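These notes are about the structure you will find just below.
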Amino acid sequence: MKEYVCTVCGFVYNEADGYPDDGIAPGTAWADVPDGWVCPMCGAGKDMFDEA
């Protein structure tokens, strides 16, 4: 499982953890996170995340 870091604020999306607060189950691959999902800390789009 990989991690992706928001280049704006540093929030880390961990595939193993998902983001249940937004309905993204643990184990959800980054490619399967909806394109419209935004960083819960700063609102940046998926395009602003880089693989850690």
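The values are calculated or read from the model by the stated rules, or taken from the named source; none is laboratory data. These figures come from a predicted structure and were not determined experimentally. In this analysis, Cβ positions are derived from the backbone assuming ideal geometry, glycine residues included, and neighbour counts consider all displayed protein chains. Side chains are part of the model used for accessible areas, which takes the heavy atoms of the whole protein and leaves out ligands, DNA and RNA. Shrake-Rupley method; radii C 1.70, N 1.55, O 1.52, S 1.80 Å.
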Quiz item: Within the set of pairs 6+ apart or on separate chains, which have a first residue in the stretch 1-19 that is over 13 Å from Lys46 (Cα atoms) and among the aromatic types (Phe, Trp, Tyr), a second that is in a strand (DSSP E or B) and open to solvent by less than 50 Å² (accessible area, probe 1.4 Å), and C-beta atoms under 8 Å apart?
Solution: Tyr19/Tyr13
Self-check item: Cross-chain or 6+ apart pairs with Cβ under 6 Å, the stretch 36-48 first and farther than 15 Å from Gly18 by Cα and open to solvent by 60 Å² or more (accessible area, probe 1.4 Å), then polar (S, T, N, Q) and not in a strand (DSSP E or B)
Solution: Met48/Thr7
